[in-house]
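Input: a single structure, listed below in structure tokens.
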Amino acid sequence: MESTLQKQKEVANKMAKRQNTHKNKRIKKSWRKPRGRHSKQRLKLKSAPQMPEAGLRTSKDIRGKHPSGYEDALVHRPEDLEELDPETDAARISSKVGEKKKEMIVEKAEELEIKVLNPGDQE
């Protein structure tokens, strides 16, 4: 699993960037298709950044997973942890959960040996 995640990071670094993001700070790097008549990127010239293609999609085995390799599962209460598989799932505690209940969830996760992605400052 680790090797596929590393390969995916390499592909993500080569991912296409929005046209002229290096020229203006106000232009975000999120992809937008170039539509200009003389756009070098749209014409796919060597000197211009690459445009995304179908082959740049992530592989099925890691698509939608957390960078740690676990499947992300949202948890609202300690009972939700019992449904998770410690080998494939990791718990993400909801932002709406208070501090007392968050401590309870973290303690129960330690008992069940489930990884918590956002434990906060637990002492």
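Is it possible to state the helix-based mean residue ellipticity at 222 nm for the chain, with each DSSP H run of 4+ residues giving -39500 (n - 2.57), the sum divided by total residues, to the nearest 500 deg cm²/dmol? What is it? Before the final figure, lay out the partial values.
Working: 2 runs with 26 residues, N = 123.
Using -39500 (n - 2.57) per qualifying helix, the result is -6500 deg cm²/dmol.
Using the reciprocal of the averaged 1/r over all distinct C-alpha pairs, how large is the Kirkwood radius of the chain in Å? Each step should come with its number before you reach the end.
Details: mean 1/r = 0.0563 Å⁻¹.
The Cα-based Kirkwood calculation yields 17.8 Å.
List, in the order given, every pair from LYS44/LYS65; LYS29/LYS115; LYS23/LYS46 whose Cα-Cα distance in the structure shown is over 29 Å. Present the calculation step by step, with values, prior to reporting the outcome.
Numbers: LYS44/LYS65 32 Å; LYS29/LYS115 32 Å; LYS23/LYS46 19 Å.
Correct reply: LYS44/LYS65; LYS29/LYS115.
Counting only other residues whose beta carbon sits under 9 Å from that of ASP72, what net charge do I get with K and R as +1, D and E as -1? Please list the in-between numbers first.
Values: positive: LYS65, ARG92; negative: GLU71, ASP89.
Local net charge: 0.
For segment 11-61, take every pair of Cα atoms, bin their distances at 5 Å starting from 0, and report each bin as a whole percent.
Going from the shortest bin to the longest, the percentages are 4, 20, 25, 26, 14, 6, 3, 1.
Could you put SER30, SER68 in order, starting from the residue whose Cβ has the fewest other Cβ atoms within 10 Å? Mind showing how you got there, number by number?
On the way: SER30 8, SER68 12.
So the residues, fewest neighbours to most, are SER30, SER68.
Which three numbers, in whole Å and largest first, are the semi-axes of the equivalent ellipsoid of segment 71-116 derived from its Cα gyration tensor as √(5λ)? Please report the intermediate quantities before stating the final value.
Details: eigenvalues 51, 25, 12 Å².
Equivalent ellipsoid semi-axes, largest first: 16, 11, 8 Å.
Could you size up the charge dipole of the chain around its Cα centre, putting +1 on the beta carbon of Lys and Arg and -1 on that of Asp and Glu, and report it in debye to the nearest 20? Each step should come with its number before you reach the end.
Numbers: 30 positive and 21 negative charges, 543 e Å.
Charge dipole of the chain: 2600 debye, to the nearest 20.
Every number here is computed from the coordinates shown, using simple stated rules; none is lab data. These numbers come from a predicted model, not from an experiment. Here the Cβ is made from the backbone with ideal geometry for all residues, glycine too, and neighbour counts use every protein chain on show.
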